[in-house]
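What follows is a short report on a single structure.
Please treat every number below as a calculation from the coordinates, not as lab data. This one's a predicted model, so the numbers in the text were calculated from it and none came from an experiment. Virtual Cβ from ideal backbone geometry, glycine too; neighbours counted across all protein chains shown.
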Amino acid sequence: MLERLILFDLDGTLIRSRNGFVAFNDAIKNTFGFSADIRTVVPDGNTDPVILEDIFTTANLNVEITEERWRAFAKNLHESYANAIQQGLTTVSTLPGVLDLVKALAKVKGLYQGVVTGNLEATGRLKLEAAGLGPYLGLGAYGSDSRNRNDLPGIARERWARVIGKSLPVGDCIIVGDTPKDLAAARNSRMRCLLMGTGRYPVEELELLEPDACVSDFTDTKAVVNALLG
Ligand SMILES: [Mg+2]
């Protein structure tokens, strides 16, 4: 039987958040007691721990992110995100074709779909729920597992091995993302990679990086399923 583990990035690949910066900036204020702005950095493809460090570096703030402060930040970020979504300040929606795609993939026997994302697990799962993807996706690796994105595909594969009852060969695992960093993480783990042009980078630019497959978006469900199973 054909088996595949498909590991989706979230932001720019499956979902888009409107005003997502509100929660991140609130969490900085509530944790560290001063203001800094996520909109001063390019967060695409980075894990949340790296994004936080980048924000402080860009603002010339010499902040020591201790373990304790990090835990407080994670808790505050989750609370701020939940509030912002509840109040409608932040909205999370799926990109075109995503819902049809994950539903189609859920019907394929031997196919497992999970996540590899830089979001912390608590906020990543919140975003999945808000976008209506909670019933389909959740198990995988998150920015709370490692600050280094390249570590995440391997962690996701191990978690899935415990659920499936065996390790799938890395060649049967596919990272789906929207940035060169998703591709780097896939290559580092010797997994295949499908890139899509729905995030910051246009598909023409991503094609030059020679991923295993490249699509402009998910609207052609059949073509994407074929690319993932091929
Ligand atoms: Mg992304």
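Brief remarks on what is shown
- Residues of region 41-65 that turn out to be assigned to a loop (DSSP other than H, G, I, E, B), within 16 Å of the ligand (Cβ to nearest atom) and of a type outside the set (Asp, Glu), as a count: 6
- For region 166-217, the tally of residues that are closer than 19 Å to GLY230 by Cβ and in a helix (DSSP H, G or I) stands at 10.
- Subset of region 66-92 (residues that are surrounded by 16 or more Cβ atoms within 10 Å (Cβ to Cβ), of a type in the set (Ser, Thr, Tyr) and not in a helix (DSSP H, G or I)): THR90
- Selection status of LEU133, on the phi < 0 side of the Ramachandran plot and within 16 Å of the ligand (Cβ to nearest atom): yes
- Residue satisfying all of: in region 12-40; within 16 Å of the ligand (Cβ to nearest atom) and over 20 Å from TYR112 (Cα atoms); surrounded by the most Cβ atoms within 10 Å (Cβ to Cβ) among these: PHE24
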